[in-house]
Amino acid sequence: MSANNETSRAIWVVGASSGIGEALVRALNNDGDTIFISARNEAALDAIAHAANATVQVLPLDITDEFSVSAATESIRRKVGRLDQVIVNAGTCEYIDSDQIDLTAVKRVMDTNFIGAINVIDSALPLLRASLSFESECRPQLAVMSSSVTYQALPRAGAYGASKAALRYFVEALKLDVQHEGIDVRVISPGFVKTPLTDKNDFEMPFIVEVDEAAERIVSGLKSNQFDIHFPTRFTRILKAISLLPDAIRFKLVGKASRHQSELAIASNQHTEIRRP
Ligand SMILES: NC(=O)c1ccc[n+]([C@@H]2O[C@H](COP(=O)([O-])OP(=O)(O)OC[C@H]3O[C@@H](n4cnc5c(N)ncnc54)[C@H](OP(=O)(O)O)[C@@H]3O)[C@@H](O)[C@H]2O)c1
């Protein structure tokens, strides 16, 4: 079965109740397909299913709860017996202040973005493998949402960035281990996208893109051969380029975005004066 052709597919979008996931359901909305949509907010999922053209089935779950995830995959197994495409999009973001690291916030972010995502991947893999034995023209596909923040550490993003970097590493290692089976593994690394998640941010978000544009970029990237689907490229290329600079230069450059920038300037001036003979 192809991600490119018009044949009916069984797709699972996890984290589909708002933002990028909701827009992905709109972008994937193809008459013949069956799209399973999951998240915790059942009422939001019902409204999305109601508005769709494709056959959309609601499977509420919490990705941090193993039992609710395995109940969802068991339901998919009974209904269609396989999955041709799984998009693990669910995630959260909390920023951390250096004056008092909130360990419970770090754990919450890791539990959702890293452990929760792996929980979904683990539960979905048998259904992706089942797709291999169907009369398919194309490989079953697993796409996992990371972030462009993993290219270069950003101020206050320690918990969020670490969770998405850990997830990227896990997905790359998984690709190495399952590619021989014929499973197509991808990672998605957006820059800033306008969603309920970023609406909470109180800082400037360079090159932010609208959510439907992000969904179109993801859907077309998943049809291409690109492993890491990243956008907007004017932002992701800057982050990648900065990450290649010598440490002293990149910390100075990115440090300008820190809330402690003025204190940093004072500290480095004092340091220079102390060293001056
Ligand atoms: N927006 C950006 O700029 C940006 C950039 C890079 C990466 N991302 C990533 O893109 C993904 C989507 O984010 P978004 O910006 O679209 O934010 P969003 O609108 O807040 O969407 C997050 C989705 O994840 C679901 N979710 C969160 N925790 C969950 C849990 N424990 N169990 C099940 N579902 C859960 C939410 O549904 P419920 O609350 O209903 O459970 C919602 O559907 C996230 O992984 C985020 O880290 C976003």
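The values are calculated or read from the model by the stated rules, or taken from the named source; none is laboratory data. Computed from a prediction, not measured in an experiment: that's the story for all the values here. Quick reminder, even Gly has a Cβ in these numbers, built from the backbone with ideal geometry, and neighbours come from all protein chains shown. Keep in mind that these areas ignore ligands, DNA and RNA; they rest on the heavy atoms of the full protein, side chains included. Shrake-Rupley method; radii C 1.70, N 1.55, O 1.52, S 1.80 Å.
Taking the average, over residues, of other Cβ atoms within 10 Å as the packing measure, peptides 11-17, 173-179 rank 11-17, 173-179 from highest down. The alpha carbons of the stretch 1-139 occupy a box of 56, 30, 25 Å along the principal axes, longest dimension given first. Rg over Rh for the chain works out to 1.03, both radii taken from alpha-carbon positions and Rh defined as the Kirkwood radius. Candidate cross-link partners of Lys194 among the lysines, defined by an alpha-carbon separation under 24 Å and a same-chain spacing of 8 or more, comprise Lys164, Lys223, Lys240, Lys256.
Enter the per residue convex hull volume of the stretch 135-177, computed from alpha-carbon coordinates, in Å³ rounded to the nearest integer. Write out the running numbers ahead of the final one.
Numbers: hull volume 3.3 nm³, N = 43.
Considering the Cα atoms of the stretch 135-177, their hull volume per residue is 76 Å³.
Each Lys or Arg adds one and each Asp or Glu subtracts one; over the other residues with Cβ under 13 Å from the Cβ of Tyr95, this totals -1. Distance between the pseudo-spin-label points of Ile115 and Asp199 (7 Å out from Cα toward the beta carbon): 3.0 nm.
The residues of the chain present an accessible area of 51 Å² per residue when probed at 1.4 Å with all protein chains retained. Among the protein heavy atoms of the chain, carbon and sulfur supply 53% of the accessible surface, probe 1.4 Å, non-protein parts ignored.
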